[in-house]
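K.L.:
Input: one structure, supplied below.
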Amino acid sequence: SSGINAEWPLRPGYGPSPCLHLSNIPAEVTEEELKKMFESCGTIVNFRFLTSERPDKQMALLEFTNTSSAIGGLVQFHNKEFVTEAGRQYLRISFSKAGCIQK
C-alpha cells in the first residue's frame, strides 16, 4: 500500500469541476508530456505550472472543456507512478479548490 488515501481528491468543498490540480510532478516532466497524457480524457483548454517551493515536485492546473473529462483524468491518472533518477514519485490529483485558470 502506498499509504495514500484514495478518497482524498473527493473531499467536500473540492467538488467536481473542469479544473484539476496536479501535484508531486517530477521536475523533468514537461507541459507537453502532461497534456499528451491527459488528452485521452478530453479536450484540454488551459494548462499552467504553479510556483512550487520544491522544484523536484512541480504543481500545475489543467482545465478541460467539461467536468466529466476532468473526472476521467482524475480516475485514470491519480497516483500514476513516475520513475525518475531521484526515485519514484506518484502524481496527486484533486479538483482545483481555486477554480479554473483565469484567461
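K.L.:
His21: accessible area at probe 1.4 Å, nearest 10 Å²?
P.N.:
40 Å²
K.L.:
When the solvent-accessible surface of protein heavy atoms is calculated with a 1.4 angstrom probe, in what order do Thr43, Thr51, Thr67, Thr84 fall, highest first?
P.N.:
Reading off the accessible areas and sorting them downward yields Thr51, Thr43, Thr67, Thr84.
The values are calculated or read from the model by the stated rules, or taken from the named source; none is laboratory data. Treat the numbers as computed from the prediction; the structure is a model and nothing was measured. Ligands, DNA and RNA are excluded from the accessible area calculation, which covers all protein heavy atoms including side chains. Shrake-Rupley method; radii C 1.70, N 1.55, O 1.52, S 1.80 Å.
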